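Before any comments, here is the structure.
The values are calculated or read from the model by the stated rules, or taken from the named source; none is laboratory data. All values derive from a computational prediction rather than experimental measurement. As a convention, Cβ positions derive from the backbone with ideal geometry for all residues, glycine included, and neighbour counts pool all protein chains shown. Please note that ligands, DNA and RNA were not included when accessible areas were found on the heavy atoms of the full protein model with its side chains. Shrake-Rupley method; radii C 1.70, N 1.55, O 1.52, S 1.80 Å.
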Amino acid sequence: MDVIENMYKNSIQASERNMRKDKHYKKAKNQSKQCYEWLCKNLSPKELEKLNKLIKCYDTKIKRKNVYCFKTGFKTGVAVALKSLEE
């Protein structure tokens, strides 16, 4: 793991606790929870297993994307700061 990714994961990673104040995030989270609960009641065990596998894959993809975006933003910010010092 590189230094910037380590920084993201261990020190300043955005937390869902910080998102609780965002009403759109909270609404979407509640809707997704309700939808998941409905699906759990109405899907067969085999279908539910596939759904959970899909969710796990999606979560992994989103976590990787968040790390990538953080690293890219961090590198861009440092580049801009260094460039501004040159002038």
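Of all stretches in the chain that contain no trypsin sites (Lys or Arg not before Pro) in a DSSP loop with at most 15 other Cβ atoms within 10 Å, the longest one is 22-87. Scalar couplings 3J(HN,Hα) for segment 72-87, obtained by applying the Karplus form with A = 6.51, B = -1.76, C = 1.60 to θ = phi - 60°, are 5, x, 5, 4, 5, x, 5, 4, 5, 4, 5, 5, 5, 6, 5, 7 Hz; x denotes Gly and Pro. Its Cα centre serving as origin, the chain has a Cβ charge dipole (Lys and Arg +1, Asp and Glu -1) of approximately 480 debye. Inter-label distance, Val80 to Tyr36: 3.4 nm, where each label sits 7 Å from its Cα along the C-beta direction.
For the chain, with the dipole built from +1 on Lys and Arg beta-carbon atoms and -1 on Asp and Glu ones, taken about the Cα centre, which of Phe74, Leu51, Gln34 lies farthest toward the positive end? Working it through, the farthest residue towards the positive pole turns out to be Gln34.
Rolling a 1.4 Å probe over the protein heavy atoms of the chain, with every protein chain left in place, gives an accessible area that is 58 percent carbon and sulfur.
Over segment 37-81, the ratio between the Cα radius of gyration and 2.2 N^0.38 Å evaluates to 1.89.
Converting phi to 3J(HN,Hα) with the Karplus coefficients 6.51, -1.76 and 1.60 and the offset θ = phi - 60°, segment 56-71 yields 4, 5, 4, 4, 4, 4, 5, 4, 5, 5, 4, 4, 4, 5, 4, 4 Hz in sequence order, with x at every glycine or proline.
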